[in-house]
Amino acid sequence: MVIAYVPEQGRHGLRILPPLDINKLAQETGDLEEVFLLVYGPGATPTRPKDLRWSLAWRVSNGGWKHIHVTAENTLYDPQMPWRYVYWGPQNKTAELDNCKARRMSLGVMDVATRRRIKALAWEVGVAKPNRQWTGQHWIIALLHKLYENKVLTQAQWSKAIAQAPHRTC
């Protein structure tokens, strides 16, 4: 199956607001921070292993976390794409409880300049039209590959994290 990408990382034509970002309350620190690949467990409904949500994340101030991932959005007003994946950009959240439930695979300890580079490169990763094959995991894997290509991560760093990710079947 051919993968078709959507304009503006899924944001094109949306009539919904982006998720709430608490950037002013939980800001990026200048400290060294460990960056994680997070894999969230299945929710209340049955989930295929490749549908588990993946995210890159690191701690920010006031107990918050910076998250980089795509989200699934309902767009029932669009008959061509009644739901889609969207990259809204990096989001700060106070989601410690959710992060405790997520499995964490370390990508290493990184300075603020490196974390800014991760955020910038995430804007360059395409988001595909939903097709029951391509998932948010594919987006994270593409981002990790881009980080490797740009010498932000080593092959060993991202290969180890992917190998440790639970329930991976994509």
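The values are calculated or read from the model by the stated rules, or taken from the named source; none is laboratory data. Worth saying up front: this structure is predicted, and the values here are computed from it rather than measured. As a convention, Cβ positions derive from the backbone with ideal geometry for all residues, glycine included, and neighbour counts pool all protein chains shown.
Of all residues in the stretch 148-170, which are free of Cβ contacts under 8 Å to residues at least 40 places away in the same chain and part of a helix (DSSP H, G or I)?
148, 149, 155, 156, 159, 163 - these are the residues of the stretch 148-170 that are free of Cβ contacts under 8 Å to residues at least 40 places away in the same chain and part of a helix (DSSP H, G or I).
Can you work out which of the residues in the stretch 121-170 that are modelled with pLDDT under 90 and among the charged types (D, E, K, R) is nearest to residue 56 (Cα to Cα)?
168
Is there a residue in the stretch 81-95 that is surrounded by fewer than 19 Cβ atoms within 10 Å (Cβ to Cβ), out of contact with any His (no Cβ under 6 Å at 6 or more places or on another chain), farther than 29 Å from residue 113 by Cα and modelled with pLDDT under 75?
Among the residues of the stretch 81-95, at least one is surrounded by fewer than 19 Cβ atoms within 10 Å (Cβ to Cβ), out of contact with any His (no Cβ under 6 Å at 6 or more places or on another chain), farther than 29 Å from residue 113 by Cα and modelled with pLDDT under 75, which makes the answer yes.
Can you find, within the stretch 121-135, the residue that is surrounded by the fewest Cβ atoms within 10 Å (Cβ to Cβ) among those that are touching a helix residue (DSSP H, G or I) at 6+ places or on another chain (Cβ under 8 Å) and under 20 Å from residue 79 (Cβ atoms)?
Of everything passing the filter in the stretch 121-135, 128 is surrounded by the fewest Cβ atoms within 10 Å (Cβ to Cβ).
Out of 73, 34, report the one residue that is touching a helix residue (DSSP H, G or I) at 6+ places or on another chain (Cβ under 8 Å) and part of a strand (DSSP E or B).
Of the residues listed, the single one that is touching a helix residue (DSSP H, G or I) at 6+ places or on another chain (Cβ under 8 Å) and part of a strand (DSSP E or B) is 73.
Which of the residues belonging to the stretch 60-89 are in contact (Cβ under 8 Å) with a residue 60 or more places away in the chain and of a type in the set (Gly, Ala, Ser)?
Of everything in the stretch 60-89, those that are in contact (Cβ under 8 Å) with a residue 60 or more places away in the chain and of a type in the set (Gly, Ala, Ser) turn out to be 72, 89.
Look at residue 27 and say whether it is in contact with a Phe, Trp or Tyr (Cβ under 6 Å, 6 or more places away or on another chain) and either modelled with pLDDT of 75 or more or surrounded by 11 or more Cβ atoms within 10 Å (Cβ to Cβ) (or both). Reasoning before the result, please.
On the way: in contact with a Phe, Trp or Tyr (Cβ under 6 Å, 6 or more places away or on another chain): no; either modelled with pLDDT of 75 or more or surrounded by 11 or more Cβ atoms within 10 Å (Cβ to Cβ) (or both): yes.
No.
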